[in-house]
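Here's the structure we're looking at; comments come further down.
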Amino acid sequence: LISYQLARYVSRPVEALNAAMKNVGEGNFSPVSVTNTNDEFMLLNLQFNAMVSSIKALINENLSKKIEIESMYKELQTNYAATVEALANAIEAKDTYTKGHCERVTSYCMDIGLAMRINSNGIQDLRFAALLHDIGKIGVSGKLLNKEGSLTNDEQIVIGKHPDIGCNILEGIDFLKKSRMIIMQHHERPDGSGYPQGLINDQILLEAKILSVADAFDAMTSQRPYRKSALPLEEALSELKKYAGTNFDAAVVEAAIPVFAARFPQLHPYS
């Protein structure tokens with residue numbers, strides 16, 4: 001009987017500490033109480049409770065910091081978006097015929113991207129790219145941008161450099177790294193006849209393919225220096241279908257057509 005009582009005297013506080021350690025492992029930071037002891041077990045109990053309190057305080061501090069960091073990140077993202085929109089406005093100030101173009105293209109891209117189930121990061125990259133896809137035109141003379149009539153071969157070469165120029169302008173802006181590549185590729189074509197790199201099919205980012213279709217559709221349905229009359233909706237959609245698989249990605253065209261049909265009257269109310 002004495003041996004049994006002695007064993008229980010030792011095992012009870014050990015069991016209590018084991019249970020407490022299991023609770024901590026499961027995220028329960030309640031203190032452990034070892035009673036009826038006045039020896040090493042009591043000291044171990046006090047040390048254990050102090051450790052648990054320290055861990056709990058550290059977790060609470062890190063949680064507070066996490067909330068603060070998330071708030072700062074959201075503010076940073078807002079500032080990023082404002083910077084991008086300011087750059088987009090600078091483009092439209094240079095090219096009078098593209099007033100509202102970047103905004104419309106961005107709206108189309110967002111809907112097409114969602115229809116094609118692009119993830120949230122891809123949608124954000126696509127949004128920035130759509131807003132800034134013509135930023136390279138800042139490096140092209142306004143006289144050339146607003147020239148009426150057809151461009152000469154040399155003039156077309158100059159205009160064709162705007163993806164490269166835009167990519168260079170945005171170089172070093174880390175959050176636009178993927179968007180820069182989308183901008184660089186948005187005039188590439190699946191059949192390899194695009195520019196500036198002559199990429200084909202899967203060499204072209206999906207986001208760039210989406211931007212290409214949205215950009216071309218808005219160009220066709222808007223007044224331009226080289227074409228005073230915008231194409232009707234049906235004719236523009238027919239052009240996209242005609243060149244699906246060559247100038248435009250066929251899957252993107254298929255996803256884009258219902259988007260254009262639904263959004264066109266809203267974005268072009270006077271067409």
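The table for this structure:
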quantity	calculated
Virtual spin-label span in nm between Asp164 and Ala115, 7 Å along Cα→Cβ	3.4 nm
In nm, spacing of pseudo-spin labels at Gln266 and Lys242 (7 Å Cα→C-beta vector)	2.9 nm
Estimated inter-spin distance, Ala250 and Gln203, nm [label 7 Å along Cα→Cβ]	2.0 nm
Above-threshold pairs, the threshold being 21 Å between Cα atoms, out of Lys65/Lys178; Lys74/Lys177; Lys65/Lys177	Lys65/Lys178; Lys65/Lys177
In Å, descending, principal axis extents of the Cα set of segment 158-225	34, 28, 22
Segment 200-216 - phi-based ³J(HN,Hα) in whole Hz, Karplus 6.51/-1.76/1.60, Gly and Pro as x	10, 6, 6, 6, 9, 4, 4, 4, 5, 5, 5, 4, 4, 5, 5, 5, 5
Nonlocal amide H pairs with Leu231, under 5 Å, H built at 1.01 Å	Thr221, Ser222
Chain lengthening between Ser71 and Lys143 when straightened (0.36 nm per residue, less Cα-Cα)	21.4 nm
Accessible area in the full protein assembly, largest first, 1.4 Å probe, for Tyr108, Tyr243	Tyr243, Tyr108
Solvent-accessible area of Arg127 with every protein chain in place, 1.4 Å probe, in Å² to the nearest 10	60 Å²
Segment Asp191-Ile173, extension gain: residue separation times 0.36 nm, minus the distance between their alpha carbons	3.4 nm
Those trypsin sites (Lys or Arg not before Pro) in segment 154-233 that DSSP places in a loop and that have at most 11 other beta carbons within 10 Å	Lys228
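The values are calculated or read from the model by the stated rules, or taken from the named source; none is laboratory data. From a predicted model like this one, the values you see are computed outputs, not experimental measurements. Heads up, the Cβs are rebuilt from the backbone with ideal geometry, glycines too, and the neighbour counts pull from every protein chain shown. Remember, those area values only see protein heavy atoms, side chains included, never the ligands or the DNA or RNA. Shrake-Rupley method; radii C 1.70, N 1.55, O 1.52, S 1.80 Å.
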